[in-house]
Amino acid sequence: MRLNRKEPMTSAEADTSARTSGRLVAISNRTAAGSESKAGGLAVALWETLVETKGLWIGWSGRVLDFETARVNYVEEEGVQFALSDLSRRQYDGFYLAYANSVLWPVMHNRIDLAVFEADTYRNYRSVNEKFARIAVQEARPEDFIWVHDYHFFLLGRMMRQRGWQGRLGWFLHIPFPAPDAFRAIPQHRELGEAMCAYDVVGVQTGKDLYNLARYLEEEFDAEELPDGRFKVGERTVRLLHCPIGIDVDAFVKASTCEDAQLAASKLDRFLGNRQLVLGVDRMDYSKGLIQRFEGMADLFDRHPDVHGHISFTQIAPPSRTVVEGYQQLRQQLDELSGRINGDYGDLDWIPIRYLARGYDRDEIAGLYRAAKVCLVTPLQDGMNLVAKEFIAAQNPDDPGVLVLSQFAGAAEQMNEALIVNPYDAGAIAEAVYQAIHMPLAERQARWRSLMDGIRSQDLVWWRQRFLNAVPADAEVPVLS
């Protein structure tokens with residue numbers, strides 16, 4: 001295999017215009033329909049091109065019905081059309097909860113032990129992919145470029161080809177692609193693998209993901225590597241692209257000093273007093289390493305009594321997928337662990353850990369990032385983890401905080417100036433936090449400047465254009481049986 005784990009990436013790629021002549025048609029499980037949704041990363045990344053091309057966004061409406069329906073709901077915002085479809089309770093449970101989030105999510109994050117393999121759920125996954133493929137073929141024009149997003153839609157491109165679509169198709173996987181042996185644990189892995197090859201371009205977050213996917217295609221389908229990251233798989237040629245997603249840096253810089261940000265920081269400051277803030281911001285998910293992070297903080301309090309009463313660790317962890325058993329167990333473990341740590345190390349005037357199982361809006365979070373001395377981003381496995389980049393963007397250049405980052409976060413490939421740790425090693429987390437809170441100002445500023453330069457040069461616009469520039473100007477696609 002000649003493919004490098006990291007492809008060279010130049011700023012020139014981000015300066016060239018996307019080689020697409022038709023509309024951009026985006027397909028994702030959730031869309032940006034509704035004005036409040038457009039603050040999210042994917043919405044920010046796609047919106048400019050969707051507006052410029054008067055594009056189309058296809059996805060789930062967010063509604064779950066007691067019955068199945070083929071009805072498509074149309075909404076238009078700023079010239080962008082949305083084609084939204086409801087899911088039935090059976091489709092939602094089987095496609096979203098049971099297969100996407102109880103098979104694909106754990107396996108892709110190397111937690112095969114948490115995967116629940118049931119044949120019925122895959123039928124629902126296929127059914128929903130077919131539903132959106134049907135909508136896409138009905139709504140798209142031959143000159144359009146269709147950009148499909150994430151693990152919910154492995155099969156969608158192939159189903160479109162089977163329905164006669166011969167236009168351009170791309171797919172971006174926002175989560176990790178695991179080692180081939182882990183992916184093979186999925187009973188339907190060959191069908192998923194073949195379906196990926198129906199796309200013209202498949203983008204992944206890291207060099208490691210690129211390497212794993214290329215190995216899988218070579219080992220499972222005798223894929224032949226061609227120049228420029230292309231692989232010939234049977235009658236299809238697919239390009240694999242290393243394309244790490246970024247953030248809207250200027251938006252986070254601005255958000256970090258807005259009124260809501262300052263209000264959130266002042267509320268927390270009343271609790272902190274003169275203590276230094278160590279912050280974690282994560283969706284409540286077993287991939288985020290929250291248990292290990294709490295244990296690392298306990299190890300810090302045990303190893304370094306001099307920090308007692310001088311720092312405060314605040315973890316924001318809004319619950320997600322609360323009906324999935326693994327997430328319910330995680331919530332219970334975090335409740336118990338935070339209580340034990342506070343009981344063991346706290347004092348009358350000091351609570352070592354504040355654990356908030358609720359969400360805050362972007363501006364409030366940006367204010368907390370700016371107030372933090374240290375940010376802990378220590379997932380056990382993550383496709384990218386944009387919290388790391390958001391934290392850097394929100395810092396005060398004159399007095400920046402320090403990022404402690406897991407070696408298993410996709411962001412670690414780009415952010416070497418962070419303090420990189422093994423998230424399974426409680427002692428390593430403890431010592432990194434101790435180093436961070438004692439780091440001299442000059443070193444903090446130097447690390448921050450380098451990290452800030454990196455996230456600016458490879459931001460959301462760069463990511464979008466890098467992917468679109470990889471799309472062939474035309475595509476001669478055999479219709480699949």
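Quick notes on this one:
- Applied to the range 147-157, the Karplus parametrisation 6.51 cos²θ - 1.76 cosθ + 1.60 on θ = phi - 60° returns per-residue 3J(HN,Hα) values of 10, 9, 10, 6, 5, 5, 10, 3, 8, 4, x Hz, with x for Gly and Pro.
- Folded to 0 to 90 degrees: helix 441-457 orientation relative to the chain principal axis, Cα: 10 degrees
- Cα lying deepest toward the dipole's positive end in the range 216-309, options SER256, ASN274, GLN292, charges on Cβ: ASN274
- Summed side-chain charge close to LEU173 - residues other than LEU173 whose Cβ falls under 11 Å, Lys, Arg +1, Asp, Glu -1: -2
- The translational diffusion coefficient of the range 395-481, from Stokes-Einstein at 10 °C and 1.306 mPa s with a Kirkwood hydrodynamic radius over alpha carbon pairs, comes to 101 µm²/s.
- List HIS308, HIS174, HIS242, ordered by accessible area with a 1.4 Å probe, largest first: HIS308, HIS174, HIS242
- Helix 460-469 and the longest principal axis of the Cα set of the chain meet at an angle near 20°.
- Between GLN315 and GLY280, ARG354, TYR355, LEU356, the built amide H atoms are under 5 Å apart, and every one of these is 5 or more places off in sequence or on another chain.
- The protection proxy used here, the mean number of other Cβ atoms lying within 10 Å of each residue, ranks peptides 463-472, 63-72 as follows, highest first: 463-472, 63-72.
- Distance from the range 354-405 to the range 105-158 (C-alpha centre basis), Å: 31 Å
- Total lysine pairs whose alpha carbons fall under 23 Å of each other in the chain (8 or more apart, or interchain): 16
- Under the Karplus curve 6.51 cos²θ - 1.76 cosθ + 1.60, θ = phi - 60°, whole-Hz ³J(HN,Hα) for the range 400-407, x wherever Gly or Pro sits: x, x, 10, 9, 9, 10, 5, 5
- Hull volume in cubic angstrom per residue (convex hull over the Cα atoms of the chain): 143 Å³
- Just so you know, the averaged projected area of the alpha carbon convex hull for the range 43-111 sits at 5.8 nm².
- Accessible area of MET439 in the full protein assembly, 1.4 Å probe (Å², nearest 10): 10 Å²
- Computed E for ASP113/GLU68 - FRET, C-beta separation, R0 41 angstrom, nearest 0.05: 0.80
- Counting only alpha carbon atoms, the long axis of helix 290-303 and the longest principal axis of the chain meet at about 20°.
- At the residue level, TRP462 shows approximately 10 square angstrom of accessible surface with a 1.4 angstrom probe and all protein chains present.
- Accessible surface of the chain, 1.4 Å probe, proportion on carbon and sulfur as whole %: 46 percent
- The range 79-118 shape via C-alpha gyration tensor axes, a/c threshold 1.5: oblate
- Accessible-area ranking of ARG134, ARG275, largest first, probe 1.4 Å: ARG134, ARG275
- Derived scalar couplings ³J(HN,Hα) [the range 384-395; Karplus, 6.51 cos²θ - 1.76 cosθ + 1.60; whole Hz; x for Gly, Pro]: 9, 6, 7, 4, 4, 6, 4, 4, 4, 4, 7, 6
- For the range 281-397, radius of gyration divided by Kirkwood radius, i.e. Rg to Rh on alpha-carbons: 0.96
- Value of [θ]222 nm, deg cm²/dmol, for the chain, DSSP H segments ≥ 4, -39500 (n - 2.57) each, nearest 500: -12000 deg cm²/dmol
- Note on CYS197: accessible area approximately 10 square angstrom, rounded to 10, probe 1.4 Å, nucleic acids and ligands left out.
- Backbone N under 16 Å from the GLN407 label point (7 Å along Cα→Cβ), restricted to the range 200-219: 208
- Accessible-area ranking of GLU77, GLU417, GLU143, largest first, probe 1.4 Å: GLU143, GLU417, GLU77
- Convex hull volume of the C-alpha atoms in the range 171-299, normalised per residue: 171 Å³.
The values are calculated or read from the model by the stated rules, or taken from the named source; none is laboratory data. Note that the coordinates shown come from a computational prediction; the quantities given were computed from them, not determined experimentally. Counting neighbours? That spans all protein chains shown, and the Cβs are built from the backbone with ideal geometry, glycine included. The protein model used for the area step is the full one, side chains on, heavy atoms only, and it has no ligands, DNA or RNA in it. Shrake-Rupley method; radii C 1.70, N 1.55, O 1.52, S 1.80 Å.
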